[in-house]
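Note sheet for the following structure.
The values are calculated or read from the model by the stated rules, or taken from the named source; none is laboratory data. Given the structure is predicted, the values throughout are model-derived calculations rather than measurements. Neighbour counts run over all protein chains shown; Cβ positions are idealised from the backbone, glycine included.
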Amino acid sequence: MTYFTYTNGDRMPLLGLGTWKSDNRDAYHAVREAIRIGYRHFDCAARYENEDEIGEAIADAISNGDVKREELWITSKLWNNAHLPEAVRPNLLQTLKDLRIDYIDLYLMHWPVALKPDVVFPKKGDEFLSLKDIPLIETWNAMATLKEEGLCRHLGVSNFNIPKIKSLIAKGGIKPECNQVESHPFLQQKKILNYCKDEGIVMTAYSPIGSLDRPARVRKAEDPSLLKQPAIIEVAGEQGCTVGQVLIAWAIQRGSAVIPKSSNADRLRENFRSAEIKLTEDQMQRIAAMDRGFRFIDGSIWTIEGSPYTLEELWEQ
């Protein structure tokens, strides 16, 4: 297994298990099986609405002697309707209660988008809070107090562009230690990856296989499939592995963390073995030629009529 080492010596496995869209008992069984296979990095979020089941799985694995808490790397995220400073701590405490742990290894701001406290997904423009109403630095500084209290060991962001990260730092905030973004051969995020490497920030890639079971609200009929691309299929044949394994190995080899999701035991084992695959330089270059700036999760849910947010503001570099 390859790791990212933080400045305090903590090591995060670059291969983790994503848990978005893992429903209830599927999440429980996936995490229990993943721990038995050898996974130690689990990517969670309050908005995934399954942290209680994941927490039960973690608690059962620990009590059964399968793993120790200190061997696990657990990430969670602050949802958009909890950006007001007074909401930050209660939301993390609820996550800790649901996950049945005393601290989070990595806590992320889920999106640089704020919603009113009673809104989960907006249907109208007036359900947002603008970044003038609640600047990101205020939410970020509230998160920083959680690290000071020992409730989380590391802090980061998700879906942030480079200017937004630089703005947090310029306004006196601590440097984010992770930026979790969509990344795969169609959206390689080279500028963000290079920036993160230069700054000692880990970039974590979500939707590395193309988010095949993403919700209808973020799915379009014409979306392309990563699994059907001739270049990836060719590399898989050369390596004697699956297309999915190529996509995961590619992400790790370029220096990002990666969090593929599955609740199928065979697929969990297959994905875990991806960390052992070494692509050749020629294979890496052929995959690099596939970049087309395409997003499966394009952020348009945050730019409905009347919203204070635009796609340009979200994604500009």
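Any chance the range 259-267 includes a residue that's crowded, with 19+ Cβ neighbours inside 10 Å and assigned to a helix (DSSP H, G or I)?
Going through the range 259-267, the residues crowded, with 19+ Cβ neighbours inside 10 Å turn out to be 259-263.
Going one step further and asking which of them are assigned to a helix (DSSP H, G or I), we end up with none.
No, the conditions are met nowhere in the range 259-267.
Taking the range 57-87 as the search range and keeping residues that are part of a helix (DSSP H, G or I) and in contact with a Phe, Trp or Tyr (Cβ under 6 Å, 6 or more places away or on another chain), which one is farthest from Asp10 (Cα to Cα)? Outline the logic, then answer.
The initial filter retains those residues of the range 57-87 that are part of a helix (DSSP H, G or I), namely 57-63, 69-71, 80-82, 85-87.
Cutting the leftovers down to in contact with a Phe, Trp or Tyr (Cβ under 6 Å, 6 or more places away or on another chain) gives us 57, 80.
Values: Ala57: 23, Asn80: 28 Å.
Going through the qualifying residues, I end up with Asn80.
Looking only at the range 268-317, count every residue that is assigned to a helix (DSSP H, G or I), of a type outside the set (Val, Ile, Thr) and under 30 Å from Gly237 (Cα atoms) and tell me the total.
Just the residues of the range 268-317 that are assigned to a helix (DSSP H, G or I), to begin with: 268-276, 281-288, 300-302, 311-315.
Next cut, of a type outside the set (Val, Ile, Thr) only: 268-276, 281-286, 288, 300, 302, 311-315.
Narrowing further to those that are under 30 Å from Gly237 (Cα atoms): 268-276, 281-286, 288.
The number of residues fulfilling the criteria is 16.
Could you check, for the range 220-239, whether at least one of its residues is in a helix (DSSP H, G or I), under 30 Å from Leu136 (Cα atoms) and at pLDDT below 95?
Narrowing the range 220-239 to residues in a helix (DSSP H, G or I): 226-228, 230-239.
Imposing the further condition that a residue be under 30 Å from Leu136 (Cα atoms) reduces the set to none.
Looking through the range 220-239, none of the residues is in a helix (DSSP H, G or I), under 30 Å from Leu136 (Cα atoms) and at pLDDT below 95.
If I ask for residues that are surrounded by fewer than 19 Cβ atoms within 10 Å (Cβ to Cβ) and out of contact with any helix residue (DSSP H, G or I) (no Cβ under 6 Å at 6 or more places or on another chain), which ones from the range 106-128 would you list? Reasoning before the result, please.
So in the range 106-128, the residues surrounded by fewer than 19 Cβ atoms within 10 Å (Cβ to Cβ) come out as 116-121, 123-127.
Correct list: Asp118, Val120, Phe121, Lys123, Lys124, Gly125, Asp126, Glu127.
Being surrounded by 23 or more Cβ atoms within 10 Å (Cβ to Cβ) and either charged (D, E, K, R) or more than 30 Å from Gly244 (Cα to Cα) (or both) narrows it down to one of Glu177, Glu148, so name that one.
Values: Glu148 fails: surrounded by 23 or more Cβ atoms within 10 Å (Cβ to Cβ).
Step by step, each of Glu177, Glu148 is checked, and only Glu177 is surrounded by 23 or more Cβ atoms within 10 Å (Cβ to Cβ) and either charged (D, E, K, R) or more than 30 Å from Gly244 (Cα to Cα) (or both).
Condition test on Asn64, is it more than 17 Å from the chain's Cα centre (by Cα) and touching a residue at least 40 places away in the same chain (Cβ under 8 Å)? Break it down stepwise before answering.
Numbers: more than 17 Å from the chain's Cα centre (by Cα): yes; touching a residue at least 40 places away in the same chain (Cβ under 8 Å): no.
So Asn64 does not fit the description; no.
Out of Glu33, Glu56, report the one residue that is among the acidic types (Asp, Glu) and free of Cβ contacts under 8 Å to residues at least 60 places away in the same chain.
Details: Glu33 fails: free of Cβ contacts under 8 Å to residues at least 60 places away in the same chain.
Checking each option against the conditions leaves just Glu56.
Filter the range 106-127 down to the residues that are in contact (Cβ under 8 Å) with a residue 40 or more places away in the chain and more than 25 Å from Ala170 (Cα to Cα) and list them by number. Working first, answer last.
Of all residues in the range 106-127, those in contact (Cβ under 8 Å) with a residue 40 or more places away in the chain come to 106-113, 120-126.
Val120, Phe121, Pro122, Lys123, Lys124, Gly125, Asp126, listed by residue number.
Is it the case that the range 51-66 has a residue that's touching a helix residue (DSSP H, G or I) at 6+ places or on another chain (Cβ under 9 Å), closer than 26 Å to Gly200 by Cα, modelled with pLDDT of 95 or more and buried (at least 19 other Cβ atoms within 10 Å of the Cβ)?
The answer is no, given that none of the residues of the range 51-66 is touching a helix residue (DSSP H, G or I) at 6+ places or on another chain (Cβ under 9 Å), closer than 26 Å to Gly200 by Cα, modelled with pLDDT of 95 or more and buried (at least 19 other Cβ atoms within 10 Å of the Cβ).
Between a first residue in the range 299-317 that is within 25 Å of Tyr195 (Cα to Cα) and a second residue that is polar (S, T, N, Q) and loosely packed, with under 13 Cβ neighbours inside 10 Å, which pairs have beta carbons less than 9 Å apart while being 6 or more apart in sequence or on different chains?
Going by the 9 Å Cβ cut-off, the qualifying pairs are Tyr309/Ser130.
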